[in-house]
Amino acid sequence: MSTSTGNDAAIKGKYAREIFVSRMLKAILWSIVLQCVYVSHVLFLMNTDILHPLQWIKNAYTSISSIGTWFYLLPLGVMTFAQGVLMSKDLMTEASCVRTRFGILCSAFQPRNVVMAVLNMVFGAMIVSYYSALLGDETNILSRKCGSEHGKCLNERNLYLLSCGIWIGFYAATKRQIWEVRCVMFPMVQQLKSSQVKMRLGQSVLQSFKEAVLPYIYFCILYWWCGGYLREHLSGFIGLPIDEDSAIPVFFWMKPFLTLRCLLFSAIIILTGRTMEMLFQVFLTERCHFPITDTSGDQVTLNDVLVSPLPLMKRLGYLDLLHIAERDTARQAELFSLSLPGGHPHNWNGVVTEVLRALDSFSSGLSVAVCDINRASNGPLLPSSPQKSKKLNESCIAPTSPVLSSPTSPSLRMRNMSIYQANDLNTSVAGNSMLYTTDSVQSRQKKDLDLMAASKQQLNNALQWIRRKPGINLLFGEMEDANARHLLLHSQHLSWGAQALAHLSAASLKRDIYGVVQKDLPAIIKSLVQLKNVLERLPLHHHKRALRPGSLDLRLKAALTSAVKRSLYILCSAFGPYLTELPLSEDLRQVLSNYVTYKEG
Amino acid sequence: MVASCAGFSPLPPEGCVSVCEIDGKVAHKPFESANPAEFTNTVVTHPVISLSHDAVHLAAREDARHVFLHVEEKLLKRIISTWYEQGTVEALELAATPNDQSGYILQMSARIALKAIHAMSLVLNSVYPHFGERGQHLTASGAHSRSLHHNPVRCIAWHPHITKIAVAVSDDSVRVYTAMSPGLVPTLRSKGQRSVSCLAWRPHSASELAVGCHAGVLVWQVDPKSVVTRPSISCATVLKQPGHSPVSSVQWNSTGTLLVSAATGDTSMYIWDVDLQESIPLRRVGGGGISLVSWSPDVHKLLAATTSVTFRVWDSSNWVPERWRVLSGHVRTACWSPCSTVLLFTTSEESVVYALQFKPNCAQLDTMFYSDTPVSEQAARVVINLAQEEVGNGTRIGGTVLSMVWDRLGRHLALIFENSPLVAIYRTDLVPHLLITPNCLVKGASGEQPTTIAFQNNFDVGACLTIAWSSGRIQYFPIVYQELKNPNQSVRHNASMQYRPDQSFLETSMAPDASSFMHSFQDSFLSY
């Protein structure tokens, strides 16, 4: 029995992976198709002849339809494919939280990222040589005929263009790895894929040209600074003298055509990367309809997806769950139905258990992060301030208390608070135990410590002291809000989960004929209130007056807070008259009373 | 059967105003003593709102600069200050004006530049008809209330769940009145909130109010626990997009997750995720700027009316529109039935109400028979003929509709007209098919004209029509059914009640099953 269940899970996992892989392949293939479209457009523009429009079209058609154009595109296609495969690996797994700036730098130099950067550099060089060839240059050859004794010289103009392509490729890859948030954000509305691509493509083209300016300026500075070394070393390496005719003067950026050409190539390199990202977003975020029950034995059901190890599949599951809760009444009925034989609400139980587990786990994680932030903002505590220490500990423990409590037993909740306090202090404050313990505890510990432990403690203190030094702290010091920001960045699906549970619970008043939902109502309310409390305690804010919206994690925090409050309002609107019948603690009742009377802002 | 403007209850005698309707009987009282509390206590706790012209501090308009004394300045300085304050075109016009200080070359250059700008705008206007119009005219063309700047009240919006009403005043402020705290009236005002044209409360939220104005959309967070009467701009999220101005219509979807905004000067409408501060433009070729947007209650469809004959009904599952055209003018006002199967709309030039029938979703199959013909192959049908009729004392009713609202139970439809001082209320039945019959007329005090109307959303004992009159008075007109009353809401019998002419018919046909009708609607369409 267990073997068959394991086989089923493996088969379903395989199907889920297949859905993911097929979408990624489609995105990569469409990226190659769009490359062809870009080439066609560039050729069309390059053959511009306003006075002879027919000739213009004819020339453009001839260039586009020539075999050479598409033959040279093959290596570009292969490179695009390789880039796509590497980029898709990033999306398959959720990035782990990096708490120091040094860690961020190190993660940028992971082998995969290095390969990615190298690929991008090669890709940059290929784009430059390909488009230059289309424009009639011979950029792929670094030499040109000249009057020297060899008969050939180093063509610095081509070297300049090629190195520009390589630099832009490197810059784009590094920027993406270090500065850009790598998480798939689902669009707020599900348009057709063609409409999405059409809408985003125009924006991407403009954005690419804008983004190309800054790295090109950096390149100009770099080339002005060490272009001479490059030229001389390369000249020595390939044994060709420098051609004075093609030499780039000191004020080379004042050559308008060269600058324009470089900017065009830079924009195309950036655009190619952006196009692939955009296509990944479009294809991977397409809504999927998962069946509630597996009728044929090999279907991936909603419950399977919700527990999928692939983060993206999990999100697709949550998105589909919200769709069911808001619109799909047929599948709602299926969700509320009982199993045959047995008469158990397996469908509903599977969904509610997984969503509540995710919400509770997020709340716990976030409450620990809140503790970290509060400790950091209050600064290291001195052993002589027991009251402050106690207050801080209490403030850190409070949000997590409902996780372990039963809605009907406040005493149990208090006991659990103490359990958590012990755990929390052991795990989170281990490094700073000397600072956080009171005098009495300190003296007792000191007696117990042997020489080895004392020296270890001294070493730790020394390390702490070094870490507090300004420059070192900047690089190696832990960013206290890193954990919270990391959690928030991956919380989009939790907003959907909370709202889906609220909508389903409200709909159950009319459609749940077996009453399978109402047994879970206290647990749902408890989880939502607990999450709301933790989010409200999270000290990350941005000023609404600022014209530019805040960073993505802050906006996701606002979205999650709003979604949780909305969910509580939905529940209170639907179950307002019956809330007294639910087994809820007095604290929860008090919180809900504000929602029933619409006094919670 | 097509309803008309005939068959309403008779108008109240001269000097009297309509106060309420209790079980089909319309009550009238002299204006000075008109108080619905004499008949019903359903609106006793409602805030009393009266915004006279004196109480409204009008915002500074363009002509405010004329109050200052004229000072002789050098031409160059004047041109620069005109450019800074009013824009390039005005500065060029000043430079082109013959003047002692301006030389011939400057005048000629300015004239040539002006001609070039005019030629460009002509070309642009031929492609986008409404891009040439700016300012108040464009705001007014998209607004659904009478003459924006001559009435104290521009628009009103009831909160979807509680007795809380937002009133946009002609001084560009928005005042929020709550039944729970009548003395505390938060006033939402900011420098960027000019020419307010529309309001929308967020569903499943106590405090979020979207205000559409010339510059964009401001989503205010009015904390119900706060005692601050002038919240600062830090309580608002400003939603702007280049070219998306002036905003003429905003609406939340019924789940409160998305906000849609439309601007008469923009061919795109924007769907906003306010919390994430992200937007997606939705655009199709043709039609010009968008004047009106309206979500269906089940969030499956979204109406987008343009400033031309075209309007679209978007399917929100894949965001593909169905394109429709009216015969002339543009769709001015529209409302959805609670079950989202019927869309009623009126145009700016025809005196009729059209209805579009949509196929219901599976869960809403309360009716047994529906045509399999796709909606796009059907035509909108006329359901009310609003040809003008005299209803006594020389008062006429009918004509082109200024605003139309349908109550949340789908039982009453209220209309105000461009050229009539009366509010017409029709009774509507949706089961088994749409049936509209005249109900009653609401008359204000002498000289008063209805500016804008709205139904209260949380009125459980019938419907409460709220009318903003041109005098600044806001009237609650409750339509109460005793069968639906709450234990704490009662009806007081009064001798001044008048029976409608068709009351005998109503007494026999409607009254016995009115409660069952209403309950069935509540069960069918009102979820949470």
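Of all residues in region B:160-185 being β-branched (V, I, T) and open to solvent by 10 Å² or more (accessible area, probe 1.4 Å), which is farthest from B:H46 (Cα to Cα)?
B:V185
List the strands (runs of 3 or more DSSP E) inside region B:377-418, counting only whole elements, that have at least 1 residues being of a type outside the set (A, V, I, L, M, F, W, C) and closer than 22 Å to B:S470 by Cβ.
Output list reads B:401-406.
Where the second residue is modelled with pLDDT under 90 and small (G, A, S) and the first is within 15 Å of A:V534 (Cβ to Cβ) and open to solvent by 40 Å² or more (accessible area, probe 1.4 Å) and lies in region A:480-491, which pairs have Cβ atoms under 6 Å and are six or more apart or on separate chains?
Listed by first residue and then by second, the contacts come to nothing, as the list is empty.
Kindly establish whether A:L338 is more than 14 Å from chain B (Cβ to nearest Cβ), surrounded by 20 or more Cβ atoms within 10 Å (Cβ to Cβ) and out of contact with any helix residue (DSSP H, G or I) (no Cβ under 6 Å at 6 or more places or on another chain).
For A:L338, the condition - more than 14 Å from chain B (Cβ to nearest Cβ), surrounded by 20 or more Cβ atoms within 10 Å (Cβ to Cβ) and out of contact with any helix residue (DSSP H, G or I) (no Cβ under 6 Å at 6 or more places or on another chain) - is not met.
In region B:302-351, which strands (runs of 3 or more DSSP E) lie fully inside it and hold 2 or more residues that are modelled with pLDDT of 90 or more and open to solvent by less than 20 Å² (accessible area, probe 1.4 Å)?
By residue number, B:310-315, B:331-336, B:342-347.
Looking at (1) within 20 Å of the chain's Cα centre (by Cα); (2) among the small types (G, A, S); (3) surrounded by fewer than 23 Cβ atoms within 10 Å (Cβ to Cβ), can you tell me which one B:A263 breaks?
Only one criterion in (1) within 20 Å of the chain's Cα centre (by Cα); (2) among the small types (G, A, S); (3) surrounded by fewer than 23 Cβ atoms within 10 Å (Cβ to Cβ) is unmet by B:A263, namely (3).
Could you grab me the full set of residues in region A:241-260 that are modelled with pLDDT of 75 or more and out of contact with any Phe, Trp or Tyr (no Cβ under 9 Å at 6 or more places or on another chain)?
Within region A:241-260, A:P256, A:F257, A:L260 qualify.
What tally of residues in region A:181-205 results from selecting those that are surrounded by fewer than 15 Cβ atoms within 10 Å (Cβ to Cβ) and away from chain B (no Cβ under 12 Å)?
Matching residues across region A:181-205 total 2.
Just checking, how many residues over region B:1-29 are of a type in the set (A, V, I, L, M, F, W, C) and part of a strand (DSSP E or B)?
Result for region B:1-29: 8.
Which members of region A:549-598 meet the condition of being more than 9 Å from chain B (Cβ to nearest Cβ), within 30 Å of B:G192 (Cα to Cα) and open to solvent by 40 Å² or more (accessible area, probe 1.4 Å)?
Scanning region A:549-598 gives a single hit, A:S551.
What are the residues in region B:248-298 that are over 19 Å from A:R555 (Cα atoms) and facing chain A (nearest Cβ under 9 Å), if any?
If the condition is that a residue be over 19 Å from A:R555 (Cα atoms) and facing chain A (nearest Cβ under 9 Å), then B:T255, B:P281, B:L282, B:R283, B:D298 are the ones that fit.
Consider B:V313 carefully, then state whether it is in contact with a Leu (Cβ under 6 Å, 6 or more places away or on another chain), among the β-branched types (V, I, T) and more than 17 Å from B:G410 (Cβ to Cβ).
When the stated conditions are applied, B:V313 passes them.
Of the conditions (1) farther than 18 Å from A:V351 by Cβ; (2) open to solvent by 40 Å² or more (accessible area, probe 1.4 Å); (3) not in a loop (DSSP other than H, G, I, E, B), A:S296 fails just one. Which one is it?
Only one criterion in (1) farther than 18 Å from A:V351 by Cβ; (2) open to solvent by 40 Å² or more (accessible area, probe 1.4 Å); (3) not in a loop (DSSP other than H, G, I, E, B) is unmet by A:S296, namely (3).
Starting from residues that are out of contact with any Lys or Arg (no Cβ under 8 Å at 6 or more places or on another chain) and outside any loop (DSSP other than H, G, I, E, B), keep the ones in region B:364-376 and report whichever is modelled with the lowest pLDDT.
Restricting to residues being out of contact with any Lys or Arg (no Cβ under 8 Å at 6 or more places or on another chain) and outside any loop (DSSP other than H, G, I, E, B), the top hit is B:Q364.
Report, by residue number, each residue of region A:86-102 that is in a helix (DSSP H, G or I) and more than 17 Å from the chain's Cα centre (by Cα).
A:R101, A:F102
Name every residue in region B:223-242 that is within 8 Å of chain A (Cβ to nearest Cβ), open to solvent by less than 60 Å² (accessible area, probe 1.4 Å) and not hydroxyl-bearing (S, T, Y), in order of residue number.
Across region B:223-242, the qualifying residues are B:P224, B:I233, B:C235, B:A236, B:V238.
Scanning for something over 21 Å from A:V352 (Cα atoms), in contact with a strand residue (DSSP E or B) (Cβ under 8 Å, 6 or more places away or on another chain) and at pLDDT below 90, does region A:575-584 turn up at least one residue?
No.
Of all residues in region B:271-282, which are open to solvent by less than 20 Å² (accessible area, probe 1.4 Å) and either touching a residue at least 24 places away in the same chain (Cβ under 8 Å) or farther than 19 Å from A:Q203 by Cβ (or both)?
Passing the criteria: B:W272, B:V274, B:L282.
Checking the structure you have, find out if any residue of region B:272-286 is on the phi > 0 side of the Ramachandran plot and out of contact with any Lys or Arg (no Cβ under 7 Å at 6 or more places or on another chain).
Among the residues of region B:272-286, at least one is on the phi > 0 side of the Ramachandran plot and out of contact with any Lys or Arg (no Cβ under 7 Å at 6 or more places or on another chain), which makes the answer yes.
Taking the options A:K519, A:K510, name whichever one is within 30 Å of A:L571 (Cβ to Cβ), free of Cβ contacts under 8 Å to residues at least 12 places away in the same chain and away from chain B (no Cβ under 14 Å).
A:K519 is the lone residue from the list that is within 30 Å of A:L571 (Cβ to Cβ), free of Cβ contacts under 8 Å to residues at least 12 places away in the same chain and away from chain B (no Cβ under 14 Å).
The values are calculated or read from the model by the stated rules, or taken from the named source; none is laboratory data. These figures come from a predicted structure and were not determined experimentally. Note: ideal-geometry Cβ built from the backbone for every residue, glycine included; neighbour counts use all protein chains shown. Keep in mind that these areas ignore ligands, DNA and RNA; they rest on the heavy atoms of the full protein, side chains included. Shrake-Rupley method; radii C 1.70, N 1.55, O 1.52, S 1.80 Å.
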